[in-house]
Amino acid sequence: MYAVVGCSDCGALWVVQGRPETTSCPRCGSRHRFGALEKFVTTDDEDHARDVRATMLADERGGDEAVEQLKPYAEMESDIDEVGPSDEEYLTASGVDPAAVEQAGERTTKQRRSRSQREVVLDALDDLENPDEAGIVEYAAERGVPADYVRTALEKLLRRGEIAGGSDGYRLL
């Protein structure tokens, strides 16, 4: 499911996937409980949600006519490869060796920075729909974080007031 939601603090609109406990505004960073947000549209089609958001933004700015002339997102994405020079042509014209760029990209992908154990626990709280201790432990174990560390981290986060909850579930504050 995809929902178009709006920030009550700054008025930004964005698309949220699924039904997370909380979501953050991409503009001002305010954290909102998903259930409390007004959902302007809910749909199973991400492109439809993006199109609705674009139309709502255009309405706010008086650009209705311009939006009507645009193709839907799904069609625009398929057209993008046909516009302008290819990546290889662009790099070559810029004096850059495309093969060297590809090799550098492969090295970067292999050397991607791993998340700290604490970051993995916080990711679990953010990513899981109903994060309880067992779910967080399982999420973290899949990413190489020991269960003892997870339980200790949850206790510390509770004491510091960064999360709320207990045996029935946790949430970020």
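The values are calculated or read from the model by the stated rules, or taken from the named source; none is laboratory data. All values derive from a computational prediction rather than experimental measurement. Virtual Cβ from ideal backbone geometry, glycine too; neighbours counted across all protein chains shown. What goes into the accessible areas is simple: the full protein's heavy atoms, side chains included, and nothing from ligands, DNA or RNA. Shrake-Rupley method; radii C 1.70, N 1.55, O 1.52, S 1.80 Å.
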Once residue 60 and residue 94 are pulled to full extension, the length gained, defined as 0.36 nm per residue separation minus their Cα-Cα distance, is 8.3 nm
Given backbone amide H placed at 1.01 Å from N, residues whose amide H is under 5 Å from that of residue 22, ignoring those fewer than 5 places away on the same chain, are 34
Rounded to the nearest 500, the 222 nm mean residue ellipticity computed for the chain from DSSP H runs (n ≥ 4, each -39500 (n - 2.57)) alone is -14500 deg cm²/dmol
Comparing 152, 92, 43 in a Gaussian network model of the chain (Cα, 10 Å), the one with the largest mean-square fluctuation is 92
Computed over the chain, protein heavy atoms only, probe 1.4 angstrom, the accessible area per residue in square angstrom equals 67
Taking 26-35, 121-130 and ranking on average Cβ neighbours within 10 Å, highest first, one gets 121-130, 26-35
Under the 7 Å Cα-to-Cβ spin-label approximation, residue 71 and residue 24 lie apart by a distance in nanometres of 3.5
So, over other residues within a Cβ distance under 11 Å of residue 51, counting Lys, Arg +1 and Asp, Glu -1, the net charge is -1
Quick calc: nm separation of the 7 Å Cα→Cβ label points for residue 115 and residue 148 -> 2.3
With all protein chains present and a 1.4 Å probe, the order of 114, 86 from largest accessible area down is 114, 86
Loop-resident GluC sites (Glu not before Pro) in the range 18-62 with no more than 12 other Cβ atoms inside 10 Å, DSSP not H/G/I/E/B, are 38
Computed over the chain: longest principal axis from alpha-carbon atoms vs helix 117-127 long axis, angle to nearest 10 degrees, is 70
Nearest 10, in degrees from 0 to 90: the angle of helix 147-160 to the longest Cα principal axis of the chain is 90
